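First up is the structure itself, then whatever we jot down about it.
The values are calculated or read from the model by the stated rules, or taken from the named source; none is laboratory data. This one's a predicted model, so the numbers in the text were calculated from it and none came from an experiment. Cβ coordinates were reconstructed from backbone atoms using ideal geometry, including for glycine residues, and neighbour counts include every protein chain displayed. To get the accessible areas, we keep the full protein, side chains included, count just its heavy atoms, and leave off ligands, DNA and RNA. Shrake-Rupley method; radii C 1.70, N 1.55, O 1.52, S 1.80 Å.
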Amino acid sequence: MPSNEALVFDVYGTLVDPIGIARHLEGRLPPADAADVARIWRHKQLDISFRLTAMGRYEDFAWCTRKALDHALALLDKKLEPSEKESLIARYNDLEPFPDAVPALSGLLDRGHVLAVLSNGTPAMLEAILDASRLRPYFTEIISVDEVRAFKPSPLPYRHAAMRLNLPPSRLRLVSSNSFDIIGAESAGLRAAWVDRSGGVFEPDGGPPDIVIRSLTDLPAALDSTPGHDR
Ligand code: LAC
């Protein structure tokens, strides 16, 4: 029997690991500096996307990613040759999938869920990363915020995902490790599942959703025990 909920997955941090890109810097920088660059890069990439959306402006996520890398390097006073920077940016389309992604997605498909992606990534970034990580075949729809030119957590991408899947927002469940994304989805009327991979702290402007899991492979059991989730 098909599930009554479509599961909509965030990509960066949820299906693939943006912080793991640090290992591609380790030949060039000491490991602690490589880890700092990766962490600040990711933080600034999201920060830029939030501020663009607050200003009602749009530059795509590839642009945010480049600007954020420049910022991380400048902040830490690290220099890379232009060719090194280009090869690092190219690596962003080849991030490692988390090991729980394939087993979880394949189990969820077997249970009859419609699976989709909703990400800040551009369509080109998403096609590339989902192909490289071999996750593409699991998804019915790949939805980029580019289609509405506003980044999550604006309500526009979440409502757009519901429209693309032809379902009311309350029949979509966003699965994300990013707690700002969970708050955004719920405030647009979706349900949510937070993948708390590292025992992290939830953003203070909201509370955890009815499903909190430590690994994507815990999702089927969590769905079964959630009131209102009728498989
Ligand atoms: C994404 C960012 C939020 O994939 O990680 O949309």
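Scanning segment 197-213 finds no residues that are within 14 Å of the ligand (Cβ to nearest atom), under 19 Å from residue 114 (Cα atoms), not in a loop (DSSP other than H, G, I, E, B) and not assigned by TED's automatic domain parsing to the domain that holds residue 43. When restricted to residues that are of a type in the set (Gly, Ala, Ser) and under 15 Å from the mean Cα position of the chain (by Cα), segment 43-66 contains 2.
For segment 1-36, enumerate the residues that are in a loop (DSSP other than H, G, I, E, B) and within 16 Å of the ligand (Cβ to nearest atom). Reasoning before the result, please.
From segment 1-36, those in a loop (DSSP other than H, G, I, E, B) are 1-5, 10-11, 13-15, 17-18, 25-30; that's our starting set.
Residues satisfying the conditions are 10, 11, 13, 14, 15, 17, 18.
Taken over segment 100-112, residues that are farther than 16 Å from residue 133 by Cα and open to solvent by 10 Å² or more (accessible area, probe 1.4 Å) amount to 5. Is one or more of the residues making up segment 53-63 among the aliphatic types (A, V, I, L, M) and either touching a Ser or Thr at 6+ places or on another chain (Cβ under 7 Å) or in the same structural domain as residue 138 (by TED's automatic domain parsing) (or both)? Yes: one or more hits.
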